[in-house]
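Right, one structure below, let's go through it.
Since every read-out is calculated from the coordinates, none of them should be taken as a lab result. Since the model is a prediction, treat every value here as computed from it, not as a measurement. Every residue, glycine among them, receives a Cβ derived from its backbone with ideal geometry; neighbour counts consider all protein chains shown.
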Amino acid sequence: MIWTYLSIAGFVAWVVLLLLPWQPWRTREVLDSDSTSADRDLSLLTVLIPARNEEGVIETTLAGLKAQGTGFKVVLVDDCSTDSTVKRAKNINMPNLKILNGTPTPSGWSGKLWALEQGIRHVHTPLTLLLDADIFLMPIIINALLDKMESGVDMVSLMASLRMVTFWEKLLMPPFIYFFKLLYPFHLSNNPLSRVAAAAGGCILIKTEVIKNTGGFESLKNELIDDCSLAKRVKTHGYKTWTGLTRSVISLRAYNFASIWDMVARTAFTQLRYSVVCLLLVSAAMIIMFCIPILGLFTGPSISAYLSGIAIAIMVTTYIPTLSFYRLSRLRAITLPVCAVLYLAMTWSSAISFWKGAGAHWKGRRYPSV
């Protein structure tokens, strides 16, 4: 009898997800390059790049910027790098590039936000593009960002296309996007009347006055999930945001299993607001939605197997749009339950680290538990 109840719960959960009006599993919110407007004047824009030990990618990032157009400025803040990041940035001979030597991160700040705070003081244009140092922009995507902003929004962010080359990248990166969209549905985030606020920190175009009017980066200084926190502040102050997927903003960072685990575990428990109740609820939901249908299909009574089969079919249906967007085989949809278990384990790892007082670790820095 218990299997029947659990199978019903899993079935209902997937039906509800499938029928949600905002359909978070779809890939409708997309923005890509439009190569028809290559000669646009970009003098109203400053690109602000925080960089810490990015010698392997910074030249590629800056080369991508050079193909965007003319007139824009670039402020690169060297966040106390110990490698040749600055030297390689200078090798590009990029016009209007200013390189700032960042000072050590003060107590209470995250390294990236402190670098941005130092950099924004040198931005004197109406628009600011916040760009991670490991992000490559396809030609003319900045024009597409500007066009989107001119449609009536104050902040536009794009979820960078993550590297999907190795086994672990192909297995775990698509569900990372899938789960992110479930947590922060883009359709709701893009609705000014909704309290949901999402952003992708790798590429954010924002009005400079909006940054200042919402408290600047100091108001976010200790936030580990700085992109979504910025979006929340922007929306709270009455400004409009838009977030979407893209194939024209590409992350250059390579990942293995350990680095993916660390990336997720760094902020997973933070996303749950350090709440044990939320952790248990999420764990129960993940088990009911991703584990019970698989077990019920093979071990439960006939009604459980029937309901589990439908639940699995819906699961696959909702995951396929993400795989298709990134041009991966739809057969990979059958791996989603395995990925879900791994992401749940990463979340528990994040919680355990918090309880032990270990804090988050990123780019050679350790941030204390709050």
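Quick check on the chain: helices-only [θ] at 222 nm, where DSSP H runs of length 4 and up contribute -39,500 (n - 2.57) each and the sum goes over total residues. Nearest 500, please.
Details: 14 runs with 168 residues, N = 370.
Roughly -14000 deg cm²/dmol at 222 nm, from the helical runs in the chain.
For segment 254-343, applying the loop criterion from DSSP together with a ceiling of 13 other beta carbons within 10 Å to the trypsin sites (Lys or Arg not before Pro) yields Arg273, Arg327.
With a cut-off of 8 Å between alpha carbons and a minimum separation of six or more residues, what is the relative contact order of segment 1-130 in percent?
On the way: 166 pairs, mean separation 36.0, N = 130.
This gives 28 percent for segment 1-130.
Subtracting the Cα-Cα distance of Ser329 and Leu20 from their residue separation scaled by 0.36 nm leaves 108.7 nm. Computed from the Cβ-Cβ distance with R0 of 30 Å, the FRET efficiency linking Asp34 to Val316 stands at 0.35. For the pair segment 7-49 / segment 94-122, the C-alpha centres are spaced 29 Å from each other. Residue separation of Lys148 and Ala284 scaled by 0.36 nm, minus their Cα-Cα distance, works out to 45.1 nm of gained length. Within segment 46-107, all pairs of alpha-carbon atoms sorted by distance into 10 Å bins from zero give the percentages 23, 56, 18, 3. Length, then width, then depth: along the principal axes, the Cα atoms of segment 179-335 run 61, 37, 35 Å.
Assuming 0.36 nm per residue, please report the length gained on full extension of the stretch Asn191 to Ser107 beyond their Cα-Cα distance.
Length gained, Asn191 through Ser107: 26.7 nm.
Label point of Val341 set 7 angstrom out along Cα-Cβ; within segment 282-301, amide nitrogens under 18 Å from it belong to 283-300. Mean sequence separation of contacting Cα pairs (under 8 Å, at least six apart), scaled by the length of the chain, corresponds to a relative contact order of 22 percent. Ranked by the mean number of other Cβ atoms within 10 Å per residue, highest first, peptides 174-180, 197-203 order as 197-203, 174-180. Counting every pair of alpha carbons in the chain, the share spaced more than 27 Å apart comes to 50 percent.
The charge dipole of segment 187-327, taken about its Cα centre with unit charges on the Cβ atoms of Lys, Arg (+1), Asp and Glu (-1) only, comes to about 360 debye.
Loop-located trypsin sites (Lys or Arg not before Pro) across segment 104-158 with a Cβ neighbour count of 14 or fewer within 10 Å are Arg121, with loop assigned by DSSP. In straight-distance terms, cross-link reach from Lys212 covers every one of the lysines whose alpha-carbon lies under 23 Å from its own, apart from those fewer than eight places away in the same chain; here that gives Lys73, Lys98, Lys112, Lys148, Lys221, Lys232, Lys235, Lys240.
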